[in-house]
1. Cα-Cα over 18 Å: which of K15/K67; K15/K72; K78/K99; K67/K99?
2. Sticking with the crude label model, points 7 Å out along Cα→Cβ, report the distance from A127 to E28 in nm, one decimal please.
3. Could you tally the net charge around V125, taking each other residue with its Cβ under 12 Å from the Cβ of V125, Lys/Arg +1 and Asp/Glu -1?
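The numbers here are math on the coordinates, done by the rules we state, and not lab data. Note that this is a predicted model, so its numbers are computed, not measured. Here the Cβ positions follow ideal geometry from the backbone for every residue, glycine too, while neighbour counts run over all protein chains shown.
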Amino acid sequence: MKVLVATDGSEHSMKAVDRAVELALKEEADITVMSVAYYAKEDLDEMPLNIQEKLESQAAEALRRAKAVFDKHSVPVKTLLEAGFVPANNIIRVAEEGKFDRILLGSTGISGLKRVFIGSTAAKVVANAPCSVTVVR
């Protein structure tokens, strides 16, 4: 089974990482963890470079944290860093192109506008994914 885990480093997404480790250990699942720097460089050319670098750094840190969980359990994992204006679109595209069997992601992320966008990425992925989706709380 091929499993794609989306993480932004938030509490709920790290719970999805923990669930992925369980799947890898119990079902020998092939795991890929991805994180999306949520912007599109071509749309934000006028922004200072340090903002873009900060967003990329946050996504990379989420991947490092997730990989550390797998390493702790000696479970192999692939990592993927993407950039995009709508993270759900990246997740769906990667799932389609990689022919994944399941997507794991947290119910809520780290958006600064939590009350407005709570669960928006998860909802869009559930509605449009080419495979089964598990939303972890």
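1. Working: K15/K67 13 Å; K15/K72 15 Å; K78/K99 15 Å; K67/K99 22 Å.
Too far apart for the 18 Å limit: K67/K99.
2. 3.9
3. Numbers: positive: R93, R102, K124; negative: E96.
So the environment of V125 carries a net charge of +2.
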